[in-house]
Structure formats: C-alpha cells, structure tokens
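The structure appears right after this line, and notes come after that.
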Amino acid sequence: MTLTFRCPAELEGILPPPVPATAGLPDWLKAMPAQAFNAINYRNENTVKRCPPFIDAMTSGFLIPLMCNLRVENGEITWDNDLPPGGAVSFVRSPIGFHDASQVIDTPLFDTDRFLIKFHNLWTIEAPDGYALFFTHPVNRFDLPFTTMTGMVDCDRYHDNWIHFPAHWHDANFSGVLPKGTPIAQCLPVKRERWVAHTAPFTEEETQRTHDLTTAIDREPGLYRRQFRV
C-alpha cells in the first residue's frame with residue numbers, strides 16, 4: 001500500500017516529512033528495560049517493551065510531525081516559523097491555531113477559560129481507493145503534554161486539502177520547548193467495508209483449542225510473538 005503525502009513546492013525540504021511509525025519510537029521506550037522486578041511475584045517479568053500488541057500499535061501507520069519548535073511558558077505558546085511566501089496556493093504560516101471552547105460544549109473537554117489548540121499540517125494525504133485514514137493521538141504517547149483528538153477521513157476521495165488536528169493541551173504546568181518533529185498525530189489506513197457481528201457459544205473443539213492455547217500462553221513466555229505475530 002502507498003500513502004502519498006504532498007506539500008506546496010515552496011515547502012519541500014523545509015517541512016519535516018511524515019515518517020513510518022516504526023521510525024518514531026520515543027526515547028523512553030528505547031531506554032526502558034525489557035524486564036523488571038515484580039515485587040508481588042518476587043521475580044523478574046517482562047515489561048510492556050516485550051508486549052507485542054503494545055509495540056505493534058505504536059509502530060503501525062505513519063506519524064505526522066510538528067512543523068517547528070513550540071515554546072510554552074506561563075500558559076503562552078510562541079514559535080519562530082520562517083516559511084517562504086506562498087505561490088500558486090496559499091497556506092497557513094503558524095504551526096497551531098485554536099478552537100473556541102464552545103465547539104466542545106457539554107463534553108468532558110469543555111472549559112470556559114481554555115481553548116482547544118489545533119495543530120496545522122501542510123501535507124495533503126492520498127490513500128488508495130477504498131481506504132480511509134484513521135487519525136488519532138500518537139499511540140501510547142502519554143508523555144506528550146497534549147492529547148490529539150481522533151477522527152476518520154476518506155482520504156481516497158478527500159486528498160486535495162489539508163487535514164489539521166485539534167488537540168486538548170492537558171498539561172497546564174508544561175513549560176519548555178516542544179521540538180520540531182514531535183509527533184502530533186498517528187494515521188492508520190482502514191479499509192471501508194461492511195461488517196456484521198456474529199455471536200456463538202464455544203463448540204467442544206473450540207473449547208479445547210481455547211483451553212490448550214491459554215495454558216500454553218501461561219507456560220511458554222513469548223508464545224504469541226513466536227507463533228501468532230505477523
């Protein structure tokens with residue numbers, strides 16, 4: 001599958017490009033030990049660094065990067081984003097915008113004294129026919145001071161305009177620099193297709209298979225990784 005990211009010609013080589021999520025793992029995960037002592041069981045056990053679902057979610061799809069440094073101090077956000085003038089197409093020059101709180105009234109995000117921020121993205125994204133893109137907060141990135149809101153866009157049809165990313169800045173005490181290239185959203189292709197739910201009790205054969213697998217998983221560390229992970 002190919003996802004095509006395009007930007008205005010004036011910004012080629014200036015905007016940080018989207019990257020495969022495999023290339024955007026955070027430093028805390030890289031430094032994390034694979035095992036740690038479990039004080040309850042009195043033995044070393046695997047950390048989430050060895051949890052395939054945790055890692056596979058973080059390494060799926062693409063990450064959209066922040067276009068320039070953001071400096072945050074005393075609740076004020078500033079930046080220095082020296083972009084060239086627009087040519088045949090105009091584009092925003094600021095890395096962020098804002099949504100008035102009224103747009104999320106009666107939701108858990110509403111606060112009369114706070115805006116929602118909106119990360120600007122100057123890459124258009126084209127997906128293959130039949131696919132939408134699921135945009136969400138970078139998976140398991142609880143260290144980031146914001147939470148990107150989740151949305152789905154039919155990028156096989158809607159690919160000649162930018163998609164920006166509203167976010168809730170949840171860390172009111174954050175002070176410092178959010179560096180250029182920080183992932184602001186993760187995008188994953190989703191095939192559009194109809195589905196139905198079917199429920200059924202285990203058959204005898206399914207009961208035995210489930211029993212055998214759950215027993216094996218308990219006895220053989222890493223079994224999922226060796227036999228089931230794609």
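The values are calculated or read from the model by the stated rules, or taken from the named source; none is laboratory data. This is a predicted model, so every value here is computed, not measured. So basically every Cβ, Gly included, is an ideal-geometry build from the backbone, and we count neighbours across all protein chains shown. Protein only, heavy atoms only, side chains kept; ligands, DNA and RNA dropped before computing areas. Shrake-Rupley method; radii C 1.70, N 1.55, O 1.52, S 1.80 Å.
From (1) surrounded by 13 or more Cβ atoms within 10 Å (Cβ to Cβ); (2) modelled with pLDDT of 95 or more; (3) of a type in the set (Val, Ile, Thr), pick out the condition that doesn't hold for Val104.
(2)
Just the residues that are out of contact with any Cys (no Cβ under 8 Å at 6 or more places or on another chain), at pLDDT 90 or above and open to solvent by 40 Å² or more (accessible area, probe 1.4 Å), please, taken from the stretch 61-75.
Within the stretch 61-75, Asn69, Arg71, Glu73 meet the criteria.
In this structure, is Thr2 of a type in the set (Ser, Thr, Tyr), assigned to a loop (DSSP other than H, G, I, E, B) and within 23 Å of Leu122 (Cβ to Cβ)?
For Thr2, the condition - of a type in the set (Ser, Thr, Tyr), assigned to a loop (DSSP other than H, G, I, E, B) and within 23 Å of Leu122 (Cβ to Cβ) - is met.
Quick grid of which residues meet (1) closer than 20 Å to Thr2 by Cβ; (2) at pLDDT 95 or above:
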position	(1), (2)
Pro128	yes, yes
Tyr131	yes, yes
Thr150	no, yes
Asn161	yes, yes
Asp171	no, no
Gln208	no, yes
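Yes or no: Phe134 in contact (Cβ under 8 Å) with a residue 40 or more places away in the chain and either open to solvent by 70 Å² or more (accessible area, probe 1.4 Å) or within 18 Å of Asn121 (Cα to Cα) (or both)? Spell out how you get there, then give the answer.
Working: in contact (Cβ under 8 Å) with a residue 40 or more places away in the chain: yes; either open to solvent by 70 Å² or more (accessible area, probe 1.4 Å) or within 18 Å of Asn121 (Cα to Cα) (or both): yes.
Here the answer is yes, as Phe134 does meet what is asked.
How many residues, within the stretch 10-58, are open to solvent by less than 60 Å² (accessible area, probe 1.4 Å), of a type in the set (A, V, I, L, M) and in a helix (DSSP H, G or I)?
7
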